[in-house]
Amino acid sequence: FYFSRKSRKSKNMEENQEHYNEEDEVTKESNLRIDRDQENQKCATFHFSGEDHTLGNALRHVLIGKKDVDFCGYSVPHPSERAMNVRLQTTLRPANEVLKSGLNDLTKIMDHIAETFDNEIMSFD
């Protein structure tokens, strides 16, 4: 796992593994699977298919900057597979809400970068 930790108060991930249901939730597009603790909605692992370090590191960076994130890490299970896992533990809101917020923030950042790049290209010509 490539991770950042804000607090040492987080529970050990291995202690929580027994509470997870592998097929907990699958999105309609089937490129995101969510494993979460049924008792604690503040801990979840998000499995993204078709993604790699590009999204993983950027998303981890955005999420760890949020005040209600206690732990955020990502891993790419195998280099030949296009899959990426994000583990998220929050203190205030459910993990899925924080992930959605992080993805929205990352989208805004990328839109700003693209707009700035386009403006600079236009001013260069």
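The values are calculated or read from the model by the stated rules, or taken from the named source; none is laboratory data. Everything quoted here is computed from the prediction, not taken from an experiment. Positions of Cβ are backbone-derived with ideal geometry, glycine not excepted, and every protein chain shown enters the neighbour counts. What goes into the accessible areas is simple: the full protein's heavy atoms, side chains included, and nothing from ligands, DNA or RNA. Shrake-Rupley method; radii C 1.70, N 1.55, O 1.52, S 1.80 Å.
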query: Is there a residue in the range 25-40 that is at pLDDT below 95, open to solvent by 80 Å² or more (accessible area, probe 1.4 Å) and under 15 Å from the mean Cα position of the chain (by Cα)?
result: no
query: Which of the residues spanning the range 72-99 are within 10 Å of LYS42 (Cβ to Cβ), surrounded by 14 or more Cβ atoms within 10 Å (Cβ to Cβ) and either of a type in the set (A, V, I, L, M) or in contact with a Leu (Cβ under 7 Å, 6 or more places away or on another chain) (or both)?
result: LEU88, ALA95, VAL98
message: Quick check on the range 100-125: of everything there that is closer than 30 Å to GLN38 by Cα and without any contact (Cβ under 8 Å) to a residue 12 or more places away in the chain, which residue is most open to solvent (accessible area, probe 1.4 Å)?
response: LYS100
